[in-house]
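Notes to accompany the following structure.
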Amino acid sequence: MRRAGFRVTDPQVYVIFNRELTPDSLSAIHMHTVAGFVTGRLALTEADAEAWLANLRGRADEGDYVFSMNRYLFLPTAT
C-alpha cells in the first residue's frame with residue numbers, strides 16, 4: 001500500500017467466532033466449501049471429505065464445536 005502512495009491507519013481485527021454449528025453460521029458455509037475444494041486433491045476422496053464433515057457435525061452434537069477466523073481491516077489514506 002505504501003508503494004502505491006497510501007498510508008495505512010486504524011488497523012483492526014474482526015473476529016468471527018462460532019461456538020455452535022448452525023445452518024446460517026459462516027462456519028457451516030465454509031466447511032462445505034472446503035470439503036468440495038479438497039476432494040480430488042492430495043488423494044483426498046469424497047468419502048474423506050464426508051467423514052470430516054460428519055466429524056464436525058458430531059463435535060457440534062456433543063457441544064464440542066468451535067470455529068474462529070480473524071479478518072484484518074486497514075484504512076488506507078492517500079499520502
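Any read-out appearing in this document is the output of simple, stated calculations on the displayed coordinates, not a laboratory observation. This structure is a prediction, so every number in the text was calculated from the model and none was measured. Positions of Cβ are backbone-derived with ideal geometry, glycine not excepted, and every protein chain shown enters the neighbour counts.
The table below gives the values:
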read-out	value
Every pair of residues 6+ apart whose Cβ atoms lie under 6 Å, when the first sits in the stretch 45-61 and is under 19 Å from T22 (Cβ atoms) while the second is surrounded by 12 or more Cβ atoms within 10 Å (Cβ to Cβ)	L53/A35; L56/M31; R59/Y65; A60/L21
Residues located in the stretch 1-50, provided they are among the aromatic types (F, W, Y) and either over 22 Å from F67 (Cα atoms) or part of a loop (DSSP other than H, G, I, E, B) (or both)	F6
Complete set of residues in the stretch 57-79 that are surrounded by 11 or more Cβ atoms within 10 Å (Cβ to Cβ) and closer than 20 Å to I29 by Cα	R57, G58, R59, A60, Y65, V66, F67, M69
